[in-house]
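All remarks here apply to the structure that follows.
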Protein chains: 2
Amino acid sequence: MPGGRQAGGEFSLIARHFTWPTPSADLGVGDDAALLRLAPDMQLAVSTDLLVAGTHFLADTDPGRLGHKSLAVNLSDMAAMGAKPRFATLALALPSVDEAWLAGFSAGMRALAGQHGTELVGGDTTRGPLSICVTILGEVPVGRALRRDGARPGDEVWVSGTLGDAAIGLALLTGSPAPALDAAGAAACIRRLEAPMPQVALGLALRGIASAALDVSDGFAADLGHVLERSGVGARIEVDRLPASPALAPFVGHPVVRDALLGGGDDYELCFTAPAAAAGEVRNAAALAGVAVTRVGCVVADGGLALVDGEGRPLQPARTGFDHFG
Amino acid sequence: MPGGRQAGGEFSLIARHFTWPTPSADLGVGDDAALLRLAPDMQLAVSTDLLVAGTHFLADTDPGRLGHKSLAVNLSDMAAMGAKPRFATLALALPSVDEAWLAGFSAGMRALAGQHGTELVGGDTTRGPLSICVTILGEVPVGRALRRDGARPGDEVWVSGTLGDAAIGLALLTGSPAPALDAAGAAACIRRLEAPMPQVALGLALRGIASAALDVSDGFAADLGHVLERSGVGARIEVDRLPASPALAPFVGHPVVRDALLGGGDDYELCFTAPAAAAGEVRNAAALAGVAVTRVGCVVADGGLALVDGEGRPLQPARTGFDHFG
């Protein structure tokens, strides 16, 4: 029952699976705390996410994909702030020690960390129901972060990549109603669910261009709602413009797909606003990051989110986002 | 199943219970990440701990004490580094939303945070088996941190406060063998278990004096072992010198108490080493922090931990620390 940080086997578990090189840290895993230094004139960006088996992922998810995703959702928060991810800590509760599972989980996380130059500097492992808490530390030049409160009337609303794939992937895995995708399309949607790619490069490229940003984790409509609330504005979204992947494009008339585009979580794309005059800069930033971006609507002064169809007629979404305590 | 950060009711749960003033943060709870700045010439100290119901605490623990303890164990890591705690993030998995429980948990954490000037800058709440992950950020002047690897032969080994109380408190709560404490002594031991006081002031006062330090979370012998391993030295500990509280002092001959002094976890005292010539400075630092310290042995060149009795005869501990994956 006691604190149980890094004693005996737990310590060696960290040593075996989670002690990777940390060239940028003054002190990494193995002391009471890691010691780090930031570049001068930088703000530290900090975010934490807790993923719980059965709530955020299926317990039989491939461990490599789960390791990837556990870091990806946090990298996505850095992307949404326009921050460069630098360091992460991992706290892991496991029902038992399964070396093969740990090796897969570690490899998945390490590969993604390596792609983003992010170093794992602290760890805590303990026995318990499977859950994963990653805290990420990034840096952004003072005053340049992409916050949620900067959207202004006249700005345009953009979204990166495609929406809804993760929600359809989940529907396929759980046997919920879903369109009849072919095998490749189904695999692509499940991959989006289990191994999302955070838009870190796009977030960095949008510094100084986007007026507000966040990542789409709870569903486009719900997440955009947070920007509108924090910014004190409204938005008018043309639902027919919401970008669908090649897998989902043939099914955009399917009600489950329409719901997924608007309300499906776990896509980890960026939703952002930018002045209309900056549309060219947005497209250049997206090209620089190698990411497609789509203009889906505009910011208006009146509060609230208005969804309209191709002819401008109001729509009501069937589902606008997930709430674990709704 | 999706990401489920701050949608709807979850967001308002954070707003209701975990949005406290964050005067030192550039941006606190409510965006994709908090934005912070450190003082110049400071290293950032980062540590994370995951507490799981049934592994680290009894599920029926008073929520106020649990909120206190969840932060205390992390403050203790800052104490062990000689770092000043500045900011924390909280990730909380709850089986259900119990407003009274949340209010108690929040109040307990907030009171301790206030005592240490530590601001809660990020949160994540989700549905799941009760578990609590706190990540703490502190600062320490570059090169002044109390690391585990600085113990040298000839140094003395010190411990703050008293040991074993938390382990006896746990034994009392779980009906395990324990000495026959009176009601006040039992309550004191249970309080040590459930609401430990991190030795932050002592850690700060020991900067430049202690050669190595950590906090006693897994048990004195196991934790000292980490210092010895990281420093490449051994130690000779006079077990009869291990400090017992007034509650336990009458029972130091009881085998359960002897085990608790050496191997009981969750005390969150500091174990540290310092050159013999610095003993006066150690005592001054302890007086400054208002904490008792006890010299319990010395660092030797040979590897390993030797436990001796009052006459210098070798002892073997029955238990040297907890290991959640032993």
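The figures follow:
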{"item": "Given (1) surrounded by fewer than 17 Cβ atoms within 10 Å (Cβ to Cβ); (2) at pLDDT 95 or above, index of the condition B:V293 fails", "result": "(1)"}
{"item": "Which numbered condition A:G253 misses (of (1) outside any helix (DSSP H, G or I); (2) touching a residue at least 40 places away in the same chain (Cβ under 8 Å); (3) of a type outside the set (S, T, N, Q))", "result": "(2)"}
{"item": "Unmet requirement for B:P129, which otherwise passes all of (1) modelled with pLDDT of 95 or more; (2) farther than 17 Å from B:A213 by Cα", "result": "(1)"}
{"item": "Some residue of region A:15-37 being touching a Gly at 6+ places or on another chain (Cβ under 9 Å), part of a helix (DSSP H, G or I) and modelled with pLDDT under 85", "result": "yes"}
{"item": "Candidate set: region A:22-38, residues that are farther than 16 Å from B:L38 by Cβ and in contact with a helix residue (DSSP H, G or I) (Cβ under 8 Å, 6 or more places away or on another chain); chosen: the one farthest from the other protein chains (Cβ to nearest Cβ)", "result": "A:V29"}
{"item": "Single unsatisfied condition, A:R313 versus (1) of a type in the set (K, R); (2) free of Cβ contacts under 8 Å to residues at least 24 places away in the same chain; (3) under 16 Å from A:D165 (Cα atoms)", "result": "(3)"}
{"item": "Residue list for region B:85-118, restricted to those being of a type outside the set (A, V, I, L, M, F, W, C), surrounded by 23 or more Cβ atoms within 10 Å (Cβ to Cβ) and touching a helix residue (DSSP H, G or I) at 6+ places or on another chain (Cβ under 6 Å)", "result": "B:P85, B:G108"}
{"item": "Checking A:A260 against (1) closer than 19 Å to A:S76 by Cα; (2) of a type in the set (G, A, S); (3) crowded, with 23+ Cβ neighbours inside 10 Å, the condition it does not meet", "result": "(1)"}
{"item": "Subset tally (residues that are among the small types (G, A, S), under 27 Å from A:P95 (Cβ atoms) and within 7 Å of chain B (Cβ to nearest Cβ)) for region A:117-146", "result": "3"}
{"item": "Residues satisfying the stated conditions in region B:162-180, i.e. assigned to a loop (DSSP other than H, G, I, E, B), out of contact with any Pro (no Cβ under 7 Å at 6 or more places or on another chain) and surrounded by 22 or more Cβ atoms within 10 Å (Cβ to Cβ)", "result": "B:G164"}
{"item": "Test: residue in region B:232-239 that is more than 30 Å from B:A183 (Cβ to Cβ), at pLDDT 95 or above, out of contact with any Gly (no Cβ under 6 Å at 6 or more places or on another chain) and surrounded by 17 or more Cβ atoms within 10 Å (Cβ to Cβ)", "result": "yes"}
{"item": "Residues (among the charged types (D, E, K, R) and not in a strand (DSSP E or B)) located in region A:263-320", "result": "A:D266, A:D267, A:E269, A:E281, A:R283, A:D302, A:D309, A:E311, A:R313, A:R319"}
{"item": "Residue that is surrounded by the most Cβ atoms within 10 Å (Cβ to Cβ) [pool: residues in region A:39-84 that are more than 20 Å from A:R110 (Cα to Cα), in contact with a strand residue (DSSP E or B) (Cβ under 7 Å, 6 or more places away or on another chain) and more than 7 Å from chain B (Cβ to nearest Cβ)]", "result": "A:G82"}
{"item": "Any hit, region B:187-196, residues being outside any loop (DSSP other than H, G, I, E, B), in contact (Cβ under 8 Å) with a residue 24 or more places away in the chain, of a type in the set (D, E, K, R) and buried (at least 24 other Cβ atoms within 10 Å of the Cβ)", "result": "yes"}
{"item": "Of the criteria (1) within 21 Å of the chain's Cα centre (by Cα); (2) at negative phi, which one A:G164 fails", "result": "(2)"}
{"item": "Some residue of region A:159-177 being of a type in the set (S, T, Y), in contact (Cβ under 8 Å) with a residue 40 or more places away in the chain and in contact with a strand residue (DSSP E or B) (Cβ under 7 Å, 6 or more places away or on another chain)", "result": "yes"}
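The values are calculated or read from the model by the stated rules, or taken from the named source; none is laboratory data. Quantities reported herein were computed from a predicted structural model and do not represent experimental measurements. Cβ: placed from backbone, ideal geometry, glycine included. Neighbour counts: every protein chain shown.
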